[in-house]
Structure formats: structure tokens, C-alpha cells
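J.: Take this structure first; my questions come after.
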Amino acid sequence: MLSGYWIFAPEVLIVAGAFIALFGDLLPGRDRTAAYVGAAVAALAAVLAAAGGTAGPMVFGQVEPDEIARFARTGIAALTALWALWVAGRGMPDERRRDAVALAMFAAGGGMLLTMAEDLIVMYIALELSTMPAYVLMGYRRRDVPGLEGALKYFLLAMLTSIIMLYGMSFLYGISGSTSFAELALEGSGMLGVLGVMLTLVGLFAKMSAAPFHYWAPDAYAGAPAVSVAFVSTVPKIAGIAVMARLLHAVAGDVGGLVTIMAVVAAASMLLGNLAALPQSDLRRLMAYSGVAHTGYLFMALAPDTSAGYGAAVFYTVAYAVPSMAIMLVAAEEGSDLTDLGKLASRRPLAAWSMVVWLVSLIGIPPLAGFFGKLYLFGSALSAGLVWLVVLGVLTSVVSAGYYFRVVREMFFGDEPAGIAALEPAPTASLALAIAAIATVAIGVGASPLLAALGVALG
Amino acid sequence: MPHDYVVIGTFVLVGIIFVMITISTSNILSHQKPSEAKGLIYECGVEPIGAPWVQFHVGYYVYALLFVVFDIETVFLYPWAIVFSRMGMIVLVEMFIFVAVLLLGLAYAWKEGALRWR
């Protein structure tokens with residue numbers, strides 16, 4: 001009976017690793033060891049998630065570790081490992097690595113469970129588990145008042161949207177008499193069904209900072225330490241997109257008009273995110289708006305209810321998360337104002353060129369991960385006949401080159417910031433950044449087998 | 001369908017009217033002899049000391065948090081105790097894992113000095 005449960009080994013491992021990291025000050029080497037242990041355990045969890053294969057519905061149909069979940073779980077665990085590795089090298093602002101790593105791993109465990117959720121209750125609990133630690137990470141500098149204000153704002157708004165989401169879920173349960181995605185029978189429920197689905201989705205929209213519900217992100221990110229933003233802005237997004245694909249697939253057949261709603265939210269996110277990012281001078285704000293824009297691109301593939309679209313969206317979240325996390329980690333090293341990056345190319349040529357790789361991948365230029373991701377996003381929207389949305393997506397991608405290249409210009413032709421101390425060498429942090437740079441290229445090169453496994457074929 | 005809502009509406013209306021009638025009847029019929037002792041705040045029968053609008057020490061917050069953790073634990077333990085003999089070994093193991101996670105949380109709070117009064 002227990003044999004099938006091996007598939008959950010990555011989640012068990014990552015939560016166990018979180019507890020080890022939590023008591024990291026009892027280990028020899030204390031804080032740093034805790035971060036190393038966290039990175040190693042998360043890496044092992046990523047390998048197990050990739051090797052663990054897939055299965056049908058399990059545990060009374062509450063979870064389904066399918067191909068999309070496998071890819072997303074691997075991505076979440078791998079990114080958590082990368083982040084913990086960087087933290088082991090450079091540390092957190094308050095020098096408490098162990099708690100940060102433990103929180104990140106709890107969040108990762110929740111996120112990995114979320115990608116498999118086939119039940120409203122599992123989905124809600126997993127979502128809370130993946131976002132609760134994020135609130136603490138956002139307010140990690142405990143004596144920094146503006147930072148705490150940002151974290152509190154984030155916490156209150158996230159709680160509010162959680163409540164809205166629960167309200168929507170109560171409607172869904174009331175209509176169908178079941179919390180299971182497979183048994184959500186919403187045909188003929190009329191406006192009540194639409195209301196339930198919309199309220200539930202609003203919670204997810206806000207958590208992923210989609211356009212009308214994005215207003216918390218720039219303020220919250222700008223107040224938080226860049227290293228926290230690196231985790232919070234990327235890893236939960238992978239889990240969110242995966243569970244949205246599941247939820248939409250369960251309800252799209254019964255509730256009309258979801259395509260239009262998703263397409264409108266996607267269009268608004270792309271426009272607003274890309275245009276608002278243009279004048280930003282703080283890298284955290286810039287990446288917050290870039291995140292809004294990328295949520296728009298992702299929703300474009302989620303809008304038509306096709307398995308190819310869902311696969312393409314989950315692929316792209318990982319293709320977006322790797323460079324996005326790496327850019328924020330560099331910002332955590334160099335300072336998050338754009339001028340702090342001035343003449344980075346002469347100070348740290350390798351880091352500067354890696355930044356170019358990540359930024360170019362975010363714009364979507366071949367042969368990097370972002371290009372193939374966007375190609376398949378646009379492809380799946382096109383095959384559903386959403387031509388106007390694809391045109392908008394391509395146009396806003398061109399706009400996005402404007403602000404991404406502004407960062408590049410600053411790194412190569414900007415003025416050296418006055419009075420900066422030379423950065424201490426931290427080999428593990430550099431290793432983490434190198435892995436991120438290689439992964440950005442490797443995901444692009446290996447895109448077609450990965451996408452084929454996710455059930456995406458260019459039609 | 002609208003028929004159901006009529007029933008609910010009537011129920012709400014009757015509820016409101018019932019409460020209004022009972023409260024106003026007791027106001028009309030009862031003797032009104034207020035005294036200082038009667039007007040005191042009820043604190044489990046003990047005479048209150050000081051004003052009720054004092055600020056509480058923020059340290060209580062940690063205790064409230066820890067209390068909620070174990071409150072939730074008991075909420076889960078009761079239904080579990082009823083069904084576990086029918087559900088077999090796996091449910092027993094699950095509950096031990098659950099309690100172990102909570103105990104680790106308490107151990108962490110203890111280690112970090114959250115239980116020390118400051």
C-alpha cells in the first residue's frame with residue numbers, strides 16, 4: 001500500500017531538510033553548514049522529483065503527480081537549491097542564514113505539493129504553506145522600518161486575497177458538493193459558478209501579480225532585501241502557474257467566458273508591466289514590473305484550455321524564473337539601484353556577461369531558454385485563434401528590450417559608482433550564478449525534448 | 001429556486017423580530033436598580049483591578065501563537081482518535097509525524113528563547 005508513496009520522497013526530503021536547517025546552529029560550522037545542507041537536500045529532492053516519474057490520482061484523488069507537476073517540482077527544488085547555495089556563500093542581511101534557508105525550503109515544499117493539487121483544500125493549504133514563509137523572507141531585515149512596511153503590506157494584501165479565494169471556493173463546493181477538481185460539476189450553475197471560479201482565480205491572480213491585482217508587488221519588492229526578492233518573485237510563481245493550469249482545466253469546460261477573462265488579464269499585465277518598467281531606476285521595482293509582464297505572457301498560454309498551452313506555460317515559468325532569480329542575486333551583491341551596476345563589466349566581466357545572458361533570455365532572443373518558452377507560449381495562443389493577443393505579446397516584448405538593455409548599457413557604459421568597496425570573493429555564490437547562466441543556455445538548447453515530455457508540439 | 005430564498009428570508013426576519021421582542025420585553029418587565037457593583041466588568045467573579053483598557057505586553061503574542069498551534073493539534077486529535085482503530089497503521093504513523101512536526105516547532109521556539117519572559 002505504501003509503495004506508491006515513494007513519489008512524494010522529494011517533498012518529504014525537502015521538509016526534513018528544512019527542519020535540519022532550522023536547527024542549523026547545533027551543527028558544526030553553524031549557519032553556513034545549515035545553508036549547505038539545505039542546498040544539498042534541495043538538489044537531491046530535485047533529482048528525485050525528476051527521476052520519480054509520474055502517477056495517476058493518488059491519496060483519494062487529492063493529488064496527481066503528472067508530467068506537468070514533475071517538471072514544476074523539479075524546477076522548484078532545483079531553484080531552491082541554487083538559492084540556498086548562493087545564501088551559503090554570501091549570507092542574508094541579518095546573518096541568519098539557517099532560518100532563511102529553512103523558510104525557503106518550507107515554501108518550496110508547499111509549492112511542490114501545490115503543483116500536484118487536485119483538490120480545493122489541498123490547493124489552499126499548499127498555497128498558504130508556500131506563501132507564509134515568503135512574508136517572513138520579505139521582512140527579513142527586522143530593524144529596517146520601510147522594509148517591514150513593505151512586508152506588512154504584502155502580508156495584509158495576500159491575506160485579503162486568500163480570504164477572497166476561500167469565499168470563491170465555498171461557492172464551488174456549494175455548487176458541486178465536492179472539493180475535488182475532478183468532481184467540480186459546474187454545468188448549468190450560471191452566474192454563481194462564474195462568480196465562484198472568478199473569486200478563486202482572483203486569489204491566484206493577486207499571488208502571481210497579474211495586472212489589476214499587481215499593485216502590491218513593486219512596493220513590497222522595493223522594501224525587501226534583494227536576496228529575498230530573488231526567491232519570492234520566482235519560485236512560488238512556478239507552483240502558482242502549475243496549479244492554475246490544473247484548476248482552469250477542471251473548470252474551463254463548464255464555465256463559459258474564461259478564455260476572454262484570461263486573455264484580457266494577460267493583455268493588461270503585458271501592457272502595464274512592460275510600460276511601467278520602462279522608467280524604473282531600482283532593479284527590484286524593474287523586476288517587479290517585469291514579473292507582472294511575464295505573468296501576462298504566461299496567462300496567454302493558459303487562456304485557451306489546451307494541454308499544449310499548459311505545458312508551454314509551465315515550461316516558461318521555469319525559463320523565466322532562472323534568469324530572474326539570478327539577476328536579483330547579482331543585485332543583492334552589487335546593490336539594487338541601476339547606477340550601482342555602473343561599469344560592472346570592467347569590475348566583474350564574468351558577472352556582467354552572465355547578466356547579459358539572463359536579460360537577453362528574458363527578452364526572448366534565441367538560442368536561450370526565454371526564446372523557446374515564448375515561442376511556444378505564442379504558438380499555443382495562436383492555435384487557439386487569439387491573434388490579437390499574440391500581436392500584443394510580440395509588441396510588448398520589443399518594448400521590454402528597452403528596459404532590459406538599459407541595464408546592459410549601465411553595466412558596460414555607465415559611470416562607476418563612487419566609493420564602493422571591492423566585493424569579497426565568495427566561491428559558492430559565484431558557483432550558483434555560474435550554474436544559473438549555464439542553465440539558461442541549457443534549458444534553451446534542451447527545450448524540445450523537455451517540451452515534448454510536457455506534451456507540447458509546435459502545430 | 002426563488003422559493004428557497006423566501007424560506008431563508010422568512011427565517012432571518014423571524015430571527016430578528018424574536019430577538020427584538022425578547023430584549024424589549026425584559027427591558028419593560030424588569031426592575032432597573034443599577035448599583036456600582038452591578039456595573040462592574042465581569043472577570044470570572046473576581047473584582048477587577050485597574051482599568052480594562054490597559055496595553056498588554058507584546059510578549060503575550062508568542063504565547064498566543066504557541067497556544068493556537070496546540071489548539072489546532074487537539075482539534076485534529078479528537079476526530080483522529082475516533083477513526084484511527086478502523087484506518088490502521090498508516091493513520092497512526094501520520095499522526096505521529098504531525099505531532100513530531102509540532103514538537104519540532106516548539107523545540108525551535110524554545111531554542112530561540114521565545115519561552116523566556118522578557
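J.: Do any helices (runs of 4 or more DSSP H) entirely within the stretch A:1-113 hold 1 or more residues that are farther than 28 Å from residue A:443 by Cα and within 13 Å of chain B (Cβ to nearest Cβ), and if so, which?
T.: Answer list for the stretch A:1-113: A:9-22, A:30-51.
J.: Right, another one. Any residue at all in the stretch A:131-142 that's at pLDDT below 90 and out of contact with any helix residue (DSSP H, G or I) (no Cβ under 6 Å at 6 or more places or on another chain)?
T.: yes
J.: Next question, about the same structure. Suppose the filter is away from chain A (no Cβ under 14 Å) and surrounded by 10 or more Cβ atoms within 10 Å (Cβ to Cβ); does residue B:81 pass it? Give the steps one after another, and end with the answer.
T.: Numbers: away from chain A (no Cβ under 14 Å): yes; surrounded by 10 or more Cβ atoms within 10 Å (Cβ to Cβ): yes.
Yes; evaluated as a whole, the condition is true for this residue.
J.: Further question on the same structure: If residue B:94 meets every condition in (1) within 13 Å of chain A (Cβ to nearest Cβ); (2) under 22 Å from the mean Cα position of the chain (by Cα); (3) of a type in the set (Asp, Glu) apart from one, which number is that one?
T.: (2)
J.: Let me ask another. Can you pull out every residue in the stretch A:114-163 that is small (Gly, Ala, Ser), surrounded by fewer than 23 Cβ atoms within 10 Å (Cβ to Cβ) and part of a helix (DSSP H, G or I)?
T.: In the first step, residues of the stretch A:114-163 are kept if they are small (Gly, Ala, Ser); the result is A:117, A:126, A:130, A:134, A:139, A:147, A:150-151, A:158, A:162.
Then drop every residue that is not surrounded by fewer than 23 Cβ atoms within 10 Å (Cβ to Cβ), which leaves A:139, A:147, A:150, A:158, A:162.
Answer for the stretch A:114-163, where residues must be small (Gly, Ala, Ser), surrounded by fewer than 23 Cβ atoms within 10 Å (Cβ to Cβ) and part of a helix (DSSP H, G or I): A:147, A:150, A:158, A:162.
J.: For residue B:69, only one of the following conditions fails: (1) of a type outside the set (D, E, K, R); (2) surrounded by 12 or more Cβ atoms within 10 Å (Cβ to Cβ); (3) within 12 Å of chain A (Cβ to nearest Cβ). What is its number?
T.: (3)
J.: Could you grab the pairs with beta carbons closer than 9 Å, sequence gap of 6+ or different chains, first residue in the stretch A:178-198 and at positive phi, second one charged (D, E, K, R)?
T.: Between residues of the stretch A:178-198 that are at positive phi and residues that are charged (D, E, K, R), the close pairs are A:188/A:254.
J.: Of all residues in the stretch A:56-82, which are of a type in the set (A, V, I, L, M, F, W, C), surrounded by fewer than 18 Cβ atoms within 10 Å (Cβ to Cβ) and in contact with a helix residue (DSSP H, G or I) (Cβ under 9 Å, 6 or more places away or on another chain)?
T.: Pass one, the stretch A:56-82, residues of a type in the set (A, V, I, L, M, F, W, C): A:58-60, A:63, A:68-69, A:71-72, A:76-79, A:81-82.
Still in the list and also surrounded by fewer than 18 Cβ atoms within 10 Å (Cβ to Cβ): A:58-60.
A:58, A:59 - these are the residues of the stretch A:56-82 that are of a type in the set (A, V, I, L, M, F, W, C), surrounded by fewer than 18 Cβ atoms within 10 Å (Cβ to Cβ) and in contact with a helix residue (DSSP H, G or I) (Cβ under 9 Å, 6 or more places away or on another chain).
J.: Next up: Let me spell it out: the conditions are (1) modelled with pLDDT of 85 or more; (2) surrounded by 19 or more Cβ atoms within 10 Å (Cβ to Cβ); (3) not hydroxyl-bearing (Ser, Thr, Tyr), and residue A:342 meets all of them except one. Which number is the exception?
T.: Only one criterion in (1) modelled with pLDDT of 85 or more; (2) surrounded by 19 or more Cβ atoms within 10 Å (Cβ to Cβ); (3) not hydroxyl-bearing (Ser, Thr, Tyr) is unmet by residue A:342, namely (1).
The values are calculated or read from the model by the stated rules, or taken from the named source; none is laboratory data. Model, not experiment: these values are computed from the prediction. We place every Cβ from the backbone using ideal geometry, glycine too, and count neighbours over all the protein chains shown.
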